[in-house]
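Below: the structure, in structure tokens.
Computed from the coordinates by the stated procedures, all read-outs in this text should not be read as laboratory data. Just so you know, these numbers come straight off a predicted model, no measurement behind them. Note: ideal-geometry Cβ built from the backbone for every residue, glycine included; neighbour counts use all protein chains shown.
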């Protein structure tokens, strides 16, 4: 058989919309050239131009705002229709909200299914997550923490693989000097667990050691006004710069200038999930910058304590202040962890990560009754 | 006479430590566990402390110094996160010689300087003398749970946990401030940072004060204030409730750490129910709960409290505060307070603390929940009234209020009609809280108070409430209560009621993280439904009650049947006050007008308890201040 194996990718998140899952799915489909790929996703502003330029076969489902949850229903329906004509050998469901379509395809059209798990969605929709894990031939979890979240839903999936997201290697990672001792946080301001509040509580302590310290906050969201108020309440508003969302260039420019990236993500309360992996830590590592992260959740996989950064109790402002102060004041330590991080990040580049995902997909293909296993490229 | 059991005192102009000794003796009166004094004769600085031992009973001698003996600390209160702090500091190479939380302060100061306060989660007031830098640092906790009084004169400072201690050491400070008396009558408490005497002030909650020997310069600054971020959030309520629950558990867990038995005060309301449930869940032993009821009046929470206790399987204790007990207890208690306080709930809280004391040394309380999570109905009603008014032309508002009043058969309509008027909202708020006492000033004031400016108490309050553009009415009122009513009334009540009988009341809701979470949430969420939305959503499933049909978790907080007491057990004290009280003799109040009120009240013509109670509380207090003892009512009751 000479045709390429067919891969259907169903995802609610895809560029040009921004975010970690968007990047992950896009990088994977771009690299999986051994497959004939079809992507079903939601409409987003600027999508037509993006799809034209990418050359990928993308089918967009109108993302009508008023539909809310109904949007995903529509996405599943369209994906199923697409599968009827595309006849995928493997279906990759990039998010649990697309698992119903993947399950339906598996049952009615045959073929293998692979389900991606990130973290947050498992806490928010544990029953759907359990369904998704039960239905898939293989599940990919982005971290050990994510895999534990899946198992906490009470399901023993057939097969779980840990494959972290990958990281881009920018062309220019040469450090630049900052006018003040600076540390950086990059995250949307919509999840409390990211620990911006704890950094604000740590700032007065940090200032006692580094009086002219500056905290640059990249990212926007509904928590911003509250955080600005909290900084006022603690008398540190003049040490914080909320930049909102910025361009990739500006973000990279701050990554070149900052001494460290700090995001003390904690485990959220109740059944909600925290940091699935924390790709941003590796993105800082790529720039040779050490990180400070919480010693819980996905950060345990993305950060090597004492090698690429410092893991601390993310709920303890004193511990957070202490870790940041060490990186700001101890040049040798910062340089050593920066180097260690840059080296470690090399294992997380996209080509390596997509190779691992590809291997999982090919394995599925070999197990498929429909596919002549001898024809599967090794 | 009652005395605060635990406290600190100091002076910058007392080389031998004699004045500080005298102040400590005042704080020491009832034989506490330990005390100590450090004098620095070269500089004239002396600081000292008396201690009620709760942690490291044998090892926590104060004042403490650091590794090299150059930093001395006198501390009053509790640091709930002292264990993790100790670990943090050990990792930084500090060595500890006691298990006492005070020692943590010395090392934190060495590490972070004045910013050490930011590392602390707890209730505290402390003085720190840095011998090397010749600098004194005074600090008070975020919400003002622990008191600190200051007298500043000619570049020198004196301070103490009790106003009385300062007056003892420096009798010339004994001059009442008529403006403070005016404010007391209107509000029912002495608003900070002033005090009832002219030349003593309080260090405001969340403030630091530093004093340099060299220059004698004293500078004061806020290090924390309640956050005020009215944010519309997309987070589901359940997610916020989960976060609040995590923090509440943490707060309860850390507040239960003690080398002595810990109990919970149950009022029957939702606040104490959540506290008790969390304590029961986290305790290895059956927890002890305490509640109080009355033999008169219609406020009784004992049934609700018992139901909660049964459900949580606690070792429940209940007392009835009898009228005989009130007659014996209240006059002496009101007289012996450090500053006058007209909060009627002081009496039951004191009785409950005394009752609990033989069984526990620490009790968890629910103070602050109403102010932080929007529990008081006035927030909702005034906000509703404001919404209606802003939608209507001015000319319609007044008549509408009247119309609602006459047509209102339902309590809700009547309440709303009371709140709709053309007066500014803050005035209406004040009148609601104080039963409109300010309108009685003219009739009741004597010559020493009538000379005061009419609008000052109100305008002070308005200026503290902040700008109208700063958010909704509900938000402004909540914030005002957090910086005013909470520290100066609610927390004074809890601190004094407990300390007078050597019981420490720990307020679970005044946990930093919990308070900051509450402050970051949109007021409309707090105030939706019956208020305290977040706390209600923390109730276990099936317990979340329909607020319209159920009274199970209606707001209750040890309310007291003051009207009945004034007619019964306290009638005699009231009469003695009207005959001999110094507040009348000294020309502060008009005896005839007060007599008329008392007559009407006792003969059931009208309920004047809202006016008579502050007069009685103040009268008893002022009499003691002038050294007059109410022979029949006062005594050493504790």
In segment B:157-209, if every C-alpha pair distance is counted and binned at 5 Å from zero, what percent goes to each bin? 5, 19, 28, 24, 17, 6, 0
Please give the average number of partner chain Cβ atoms lying within 10 Å of the Cβ of each residue in A:188-195, rounded to a whole number. 2
Cβ density ranking, 10 Å radius, fewest first, applied to B:143, B:124 yields B:124, B:143
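Just to check, using Stokes-Einstein with a Kirkwood Rh over alpha carbon pairs, what's the diffusion coefficient of segment A:122-231 at 4 °C and 1.567 mPa s in µm²/s?
Details: Rh = 17.6 Å.
Answer, rounded: 74 µm²/s.
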Take peptides A:285-298, B:371-384 and line them up by average Cβ neighbours within 10 Å, highest first, as a rough protection proxy. A:285-298, B:371-384
Could you calculate the contour length gain from residue B:359 to residue B:303, that is, 0.36 nm times the residue separation minus the distance between their Cα atoms, to one decimal place in nm? 18.0 nm
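Taking the Cβ of each residue in B:502, A:245, B:353 as the centre, tally the other Cβ atoms inside 10 Å and list the residues starting with the fewest.
A:245, B:502, B:353
Can you put B:100, B:218 in order, fewest other beta carbons within 10 Å first?
Arranged by neighbour count, lowest to highest, B:100, B:218 become B:218, B:100.
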Quick calc: nm separation of the 7 Å Cα→Cβ label points for residue B:175 and residue B:458 -> 3.0
In nm, the gap between the two label points placed 7 Å beyond Cα toward Cβ at residue B:605 and residue A:339 is 9.3
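Please average, across the residues of A:263-274, the number of beta carbons from any other chain that are within 10 Å of each residue's own beta carbon, and give a whole number. Write out the running numbers ahead of the final one.
Values: counts 0, 0, 0, 1, 1, 4, 10, 7, 3, 6, 0, 0.
Mean partner-chain Cβ count within 10 Å for A:263-274: 3.
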So the FRET efficiency between residue B:528 and residue A:173, C-beta based with R0 = 60 Å and rounded to 0.05, is 0.75
Could you please tell me the mean projected area of the C-alpha convex hull for segment B:80-151, averaged over all directions and given in square nanometres to one decimal? 5.3
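How do B:276-282, A:263-269 rank on mean C-beta neighbours within 10 Å, highest first?
Details: B:276-282: 20.4, A:263-269: 22.9.
Going by the mean number of other Cβ atoms within 10 Å, highest first, we get A:263-269, B:276-282.
How big is the antiparallel share of DSSP beta bridges in the protein assembly as shown, given as a percent to the nearest 5?
About 45 percent, rounded to the nearest 5.
Reported to two decimal places, what Rg/Rh ratio describes the protein assembly as shown when computed on Cα atoms with Rh from the Kirkwood expression?
Numbers: Rg = 32.5 Å, Rh = 31.6 Å.
For the protein assembly as shown, the value is 1.03.
Taking 35 Å as R0, compute the FRET efficiency from the Cβ-Cβ separation of residue B:91 and residue B:132 and round it to 0.05.
Working: r = 24 Å, r/R0 = 0.70.
For R0 = 35 Å, the calculated efficiency reads 0.90.
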What does the average come to when, for each residue of peptide B:71-78, you count the partner chain Cβ atoms lying within 10 Å of its Cβ? 0
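Tell me whether segment A:62-120 comes out rounded, prolate or oblate; compute the Cα gyration tensor, take square roots of the eigenvalues as a ≥ b ≥ c, and use a/c under 1.5 as the rounded threshold. Intermediate results must be reported in sequence, preceding the final value.
Details: a/c = 2.64, a/b = 1.36, b/c = 1.94.
It comes out oblate by the Cα gyration axes.
How big is the Cα convex hull of segment B:189-289 in projection, averaged over all directions, in nm²? It would help to have the intermediate numbers written out before the result.
On the way: hull surface 47.5 nm².
Average of the hull's projected areas for segment B:189-289 equals 11.9 nm².
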The correct pair for segment A:97-186, radius of gyration to one decimal and Dmax as a whole number, both in Å and from Cα atoms, is 18.4, 62
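Can you show me the helix-derived [θ] at 222 nm for chain A, built from DSSP H runs with n ≥ 4 at -39,500 (n - 2.57) apiece and divided by the number of residues, rounded to the nearest 500.
Values: 15 runs with 165 residues, N = 378.
Using -39500 (n - 2.57) per qualifying helix, the result is -13000 deg cm²/dmol.
Between rounded, prolate and oblate, where does segment A:2-133 land on the alpha carbon gyration tensor, with a ≥ b ≥ c its root eigenvalues, rounded for a/c under 1.5, else prolate if a/b exceeds b/c?
Values: a/c = 1.41, a/b = 1.05, b/c = 1.34.
Verdict is rounded for segment A:2-133.
Just the C-alpha atoms of chain A: what Rg/Rh do they give, with Rh taken as the Kirkwood radius?
Numbers: Rg = 21.6 Å, Rh = 21.7 Å.
Here Rg/Rh amounts to 1.00.
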Quote the Stokes-Einstein diffusion coefficient, in whole µm² s⁻¹, for segment B:261-391, based on the Kirkwood radius over alpha carbon pairs, a temperature of 10 °C and a viscosity of 1.306 mPa s. 96
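Name the shape class, rounded, prolate or oblate, that the alpha-carbon gyration tensor gives for segment B:87-244, where a ≥ b ≥ c are the square roots of its eigenvalues, rounded holds for a/c under 1.5, and otherwise prolate holds if a/b is larger than b/c and oblate otherwise.
On the way: a/c = 2.29, a/b = 1.16, b/c = 1.98.
Note, shape of segment B:87-244 comes out oblate.
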Roughly what would the spin-label model give for residue A:159 and residue B:572, points 7 Å off Cα along C-beta, in nm? 9.0
State, in angstrom, two size descriptors of segment A:175-332 derived from its alpha carbons: Rg to one decimal place and Dmax to the nearest whole number. 14.1, 43
Computed lengthening from residue B:390 to residue B:448, 0.36 nm per intervening residue step minus Cα-Cα distance: 16.8 nm
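Sort B:445-456, A:308-319 for me by packing, meaning the mean count of neighbouring Cβ atoms within 10 Å per residue, highest on top.
In descending order of packing, they fall as A:308-319, B:445-456.
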Rounded to 0.05, the calculated FRET efficiency for the beta carbons of residue A:238 and residue B:98 at R₀ = 35 Å is 0.40
